[in-house]
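Okay, structure first, notes after.
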Amino acid sequence: MYAPHVDGIVLFYEDNMDNLLSGYDYLVVVETDRNAKWLLKKHYGIDMQEGIYKITRSGEKIVLTLT
């Protein structure tokens with residue numbers, strides 16, 4: 001992930017997830033853990049797995065779609 005316009009994030013913090021993700025077009029998950037899976041299930045209704053997720057907005061809601 002050494003490329004311009006790419007950031008590496010190790011941990012998600014629940015109180016800032018929408019704000020953090022809304023600044024990106026994609027979320028690339030290279031490794032999952034129990035805490036991250038729980039947070040993404042709770043906030044976005046997805047069963048997180050390794051892969052590339054498109055980040056879009058639907059009104060005020062962030063939507064993650066596995067591509």
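Data table
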| quantity | calculated |
| --- | --- |
| Solvent-accessible heavy-atom area per residue, rounded to whole Å², over the chain at 1.4 Å | 77 |
| Formal net charge of residues neighbouring Lys41 (Cβ-Cβ distance under 14 Å; K, R +1; D, E -1) | 0 |
| Neighbourhood net charge (15 Å Cβ-Cβ; Lys/Arg +1, Asp/Glu -1) for Leu66 | 0 |
| Interchain or long-range residues, amide H under 5 Å from Met48's placed H | Lys41 |
| MRE, 222 nm, helices only [DSSP H, n ≥ 4, -39500 (n - 2.57), over the chain, to nearest 500] | -6500 deg cm²/dmol |
| Amide H contacts under 5 Å for Tyr26, placed H, 5+ residues apart | Ile55 |
| Relative contact order (percent, whole number), the chain, Cα cutoff 8 Å, 6+ residue spacing | 28 |
| Compactness relative to 2.2 N^0.38 Å, alpha carbon Rg of the chain | 1.04 |
| J(HN,Hα) series, region 55-67, from Karplus relation 6.51 cos²θ - 1.76 cosθ + 1.60, nearest Hz, glycine and proline x | 9, 10, 10, 10, x, 8, 9, 8, 10, 10, 10, 5, 9 |
| Heavy-atom SASA rank of Ser58, Ser22 (probe 1.4 Å, accessible area, largest first) | Ser58, Ser22 |
| Accessible-area order (highest first, 1.4 angstrom probe) of the listed residues Ile52, Ile46 | Ile52, Ile46 |
| Simple label model, 7 Å out from Cα along Cβ direction - Lys42 to Thr56, nm | 2.7 |
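The values are calculated or read from the model by the stated rules, or taken from the named source; none is laboratory data. Computed from a predicted model, the values in this text were never measured in an experiment. In this analysis, Cβ positions are derived from the backbone assuming ideal geometry, glycine residues included, and neighbour counts consider all displayed protein chains. We work out accessible area using only protein heavy atoms, side chains counted, and drop any ligands, DNA or RNA first. Shrake-Rupley method; radii C 1.70, N 1.55, O 1.52, S 1.80 Å.
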